[in-house]
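J.: Here you go, one structure.
The values are calculated or read from the model by the stated rules, or taken from the named source; none is laboratory data. From a predicted model like this one, the values you see are computed outputs, not experimental measurements. Ideal geometry is used to build each Cβ from the backbone, glycine not excepted, and the neighbour counts take in all protein chains shown. Areas reflect the complete protein model, heavy atoms only, side chains present, ligands, DNA and RNA absent. Shrake-Rupley method; radii C 1.70, N 1.55, O 1.52, S 1.80 Å.
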Amino acid sequence: MTVVDEAVVEGDWEYRRLQLPPGVSRRAAAIQLAIHAEFAGWELSTVRLYSDGTRRVLLRRKHRPGLLPGLIT
């Protein structure tokens, strides 16, 4: 199960943290991140791979103030 934190706005950028569990393959993680990029405008900021296989990913995009709060896009 992927854990998604709420987006945080800092200046002109909006950041969202994802946590991918150890069982997610590299290919599945890449596909999931590509979907976030293609359909919601996120780009990859950082990825950390831990020894247990967990990945913590930080995505970013330009802040768009007109979105509905709580809408996952």
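J.: Quantify, in whole percent, the carbon and sulfur part of the accessible surface of the stretch 2-53 (1.4 Å probe; protein heavy atoms only). Walk me through the intermediate numbers first.
T.: Numbers: 1940 of 3710 Å².
Carbon plus sulfur share of accessible area: 52 percent.
J.: Among residues other than residue 49 whose Cβ falls under 11 Å from its Cβ, what is the net charge (Lys/Arg +1, Asp/Glu -1)? Walk me through the numbers on the way to the answer.
T.: Working: positive: 26, 48, 55, 56; negative: 52.
Once all neighbours under 11 Å are counted, the net charge is +3.
J.: Can you run phi through the Karplus equation (6.51, -1.76, 1.60; θ = phi - 60°) for the stretch 45-52 and list ³J(HN,Hα) in whole Hz, with x for Gly and Pro?
T.: Running phi through 6.51 cos²θ - 1.76 cosθ + 1.60 with θ = phi - 60° gives 9, 8, 9, 10, 10, 9, 4, 7 Hz.
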